[in-house]
C-alpha cells in the first residue's frame, strides 16, 4: 500500500526540467542574460576540452569564439536539454580546425624559460596528458584540471557514466606510468 | 575507497591524485565575462511549417481548380471547325461557323491546322449546367476559405512561444 502510494506520488510529480533546457528556451525567446548563465555553467567544460587539445595560450580566445558561435547557432539545437553535448562537440571540432589551419608551432612555456615554478610543473603534466589516447585526455583534464567529478563530466558531455569511469581509471593508470618514468610528482 | 575519490571525490582521498589536482589546478578556467556584441541578434528558431503548409494548400487549390475547369469544359461539346486559307486570290471573308458536315475545300486552298478558339462557355451552357458550375465554384471557395482560416490558426499557434515555466516532460540527455 505504501509502495503504491509513493509510486502514485512519483507519477504525479512532473519530471525535473534541466536548467540548460530552461536557459536555452529563454535565450531563444530573446533573453540575452540567459546565455550568460549558460556561459557560466559550461565555460569550464569548454575550457577543459580545449586545454586537452590546443596550446594553452589559444584556449581563452577559442572559448569566447565558441560561445559566440553557439549564440548565433542556438536555434539549430533541436533538444534544448542537450546543450552540453552540443557545445562540447563544437569545442572538439574547433580544436580540430585549429590544428588544420595553424602551422606547426612550439608552445613556449615556463619549462623552456628554465623556471621551476608550480605552473611549469603543471604544464609538464598537461603535456603528458595530451600525449595519452584521445579518449582519456579530455576526461582527465576535466577531472584533474577543472575539478569536475565523474558524474558531472558524464552529465555535461553526454557520455555515459560507465564510459567516463573507464576513461578516468585507464587514463589515470597510464598517467601514473608516465609520471613514474619522469620520477613521480 | 581510493577509486571513489577519483570518480566523485568521495571516500578516502588518494594523495597522488590530490597532488595532481593541486598542481594542475593552476591551469583551471578563470572566469571571464562573455563579450557578446550588442548588435548581434538573438537567434530564433525558424519555423517554416506554416509557410510550407500555405504554399501546399494554394498549389492544391490551383490544381483542383484546373481539374474542375477541365472537367467542366469537357462536358460541353466543342464545335469543330477548320479554317481555310486560300492562297492565290483573296476571297470574301466569312465568319467561321460551326459545321456539322465536312466543308467543301477548294482545290487551290491550303488547309491549316489551328487550335480551335474557345468560345465563351457561358453561351453554350444550359441553365442547369451553369447553376451546377456556380454551386461547385461556391463550394471550392468555401473550402479555400476554411483552409486559409485553419492555416492562420496553425500559424498563430506556432508563433506563440511556450513560457519556460510550462516546459514539461523534458529529460536530461546522457
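Structure data summary
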quantity	calculated
Selected residue [at pLDDT below 90, in a helix (DSSP H, G or I) and more than 14 Å from every other protein chain (Cβ to nearest Cβ)] from B:145, B:128	B:128
Residue selected from the stretch B:1-17 under the condition in a helix (DSSP H, G or I) and within 21 Å of residue A:161 (Cα to Cα), by the criterion modelled with the lowest pLDDT	B:2
Test result for residue A:92, at pLDDT below 90 and more than 10 Å from chain B (Cβ to nearest Cβ)	no
Within the stretch A:13-89, helices (runs of 4 or more DSSP H) holding 1 or more residues that are within 30 Å of residue A:123 (Cβ to Cβ) and touching a residue at least 60 places away in the same chain (Cβ under 8 Å)	A:32-51, A:56-73
Matching residues in the stretch B:18-55 - criterion: being farther than 21 Å from residue A:49 by Cβ, at the interface with chain A (Cβ under 9 Å from one of its Cβ atoms) and at pLDDT 90 or above	B:19, B:22
Set A:51, A:38: member being closer than 21 Å to residue A:143 by Cα, facing chain B (nearest Cβ under 7 Å) and under 14 Å from the mean Cα position of the chain (by Cα)	A:51
Flag if residue B:61 is at pLDDT below 90, more than 10 Å from chain A (Cβ to nearest Cβ) and within 20 Å of residue B:154 (Cβ to Cβ)	no
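The values are calculated or read from the model by the stated rules, or taken from the named source; none is laboratory data. Bear in mind that the values here come from a model prediction, so they are computed numbers and not experimental data. Methodologically, a virtual Cβ is constructed for each residue, glycine included, from the backbone with ideal geometry; neighbour enumeration extends over all protein chains shown.
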